[in-house]
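To start, the structure itself, in structure tokens.
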Amino acid sequence: MGNQRVSRRSIAIALALAGSLAGCGPAPTPTPPPAPPPCGGNPTCHFDRRGVAFDYPAFWNAASFRVLTSFTDDLVSLSTAQLVEPCRQLPNGSVCSWYPVESLDFGGLLVTWRARFNPAWTFDPTRGRQLIVGGRRATLEDKAPNEGCAGIGGARQVIVTIPDPEPLNWMEVDACLAGPDSSLAESAVKTMLATVVWKN
């Protein structure tokens, strides 16, 4: 009988120890909290840099890349597509693209704001259609896409040129619009331009 009691007691201890060890296993990986909605859940985001401010749709992706030359400075790129690093490092330097997306979906767009300078530049109000952006005169050219825009699926290219109060300087808004119907993308660009406020 004593052996039987010891046997039952041993079984009970073994079961308790097994349960204890099971409870000390690896903790489950916690589920990361969901990413906060862009721009606090507002329908638009706000950009404010280098003397210009404007609003753009919150579902557009935005990134500022270091694409700087003697005559251009990219302020921000906005796109319905995922933005990618536009520069590749080579043995003797780097090469950069002005179109930092792999490809545009149907009806998508890529918009880049650039501050530009050229010692030989003068504003030509006869190029394209005249308009006012934030109280400043500007021109809008609607043309066939250049090689870079066409290479990411662009069917049209809209270039807005806005002279800066500083001579020989201007702001360029380069919009690459994908087809087959780019009317909604064009409308979104014009809505963005209507919100522009200059800080200088």
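Among the residues examined, residue 118 qualifies as farther than 18 Å from residue 190 by Cβ and surrounded by fewer than 13 Cβ atoms within 10 Å (Cβ to Cβ). Taking the stretch 85-130 as the range and being in a strand (DSSP E or B) and touching a residue at least 60 places away in the same chain (Cβ under 8 Å) as the test, the residues that pass are 109, 110, 111, 112, 113, 114, 115. Of the candidates 52, 111, the single residue that is surrounded by 13 or more Cβ atoms within 10 Å (Cβ to Cβ), touching an Asp or Glu at 6+ places or on another chain (Cβ under 8 Å), among the hydrophobic types (A, V, I, L, M, F, W, C) and at pLDDT 85 or above is 111. Selection over the stretch 62-82 of residues that are in a strand (DSSP E or B) and either closer than 15 Å to residue 175 by Cβ or β-branched (Val, Ile, Thr) (or both) gives a count of 8.
When 98, 170, 113 are checked against the criterion of being in contact with a Lys or Arg (Cβ under 7 Å, 6 or more places away or on another chain) and not basic (Lys, Arg), a single residue qualifies: 170. Could you look through the stretch 48-61, keep only residues that are in a strand (DSSP E or B) and free of Cβ contacts under 8 Å to residues at least 40 places away in the same chain, and pick out the one that is farthest from residue 169 (Cα to Cα)? Result: 61.
Beta carbons closer than 9 Å, at least 6 apart along the sequence or on distinct chains, pair a first residue in the stretch 177-200 that is surrounded by 14 or more Cβ atoms within 10 Å (Cβ to Cβ) and part of a loop (DSSP other than H, G, I, E, B) with a second that is aromatic (Phe, Trp, Tyr) and modelled with pLDDT of 95 or more for 179/106; 195/54; 195/56; 196/54. Scanning the stretch 148-176 for residues that are of a type in the set (Gly, Ala, Ser) and without any contact (Cβ under 8 Å) to a residue 12 or more places away in the chain turns up just one, 150.
Taking the criterion of being within 20 Å of residue 121 (Cβ to Cβ) and among the charged types (D, E, K, R), the residues of the stretch 135-181 that qualify are 136, 137, 141, 143, 164, 166, 172, 174. Can you tell me which residue among 141, 147 is over 22 Å from residue 86 (Cα atoms) and of a type in the set (Asp, Glu)? From the options 141, 147, the qualifying one is 141.
The values are calculated or read from the model by the stated rules, or taken from the named source; none is laboratory data. Just so it is clear, the structure is predicted and the values come from calculations on it, not from any experiment. Neighbour counts are summed over all protein chains in view; Cβ atoms, including those assigned to glycine, are modelled from backbone coordinates with ideal geometry.
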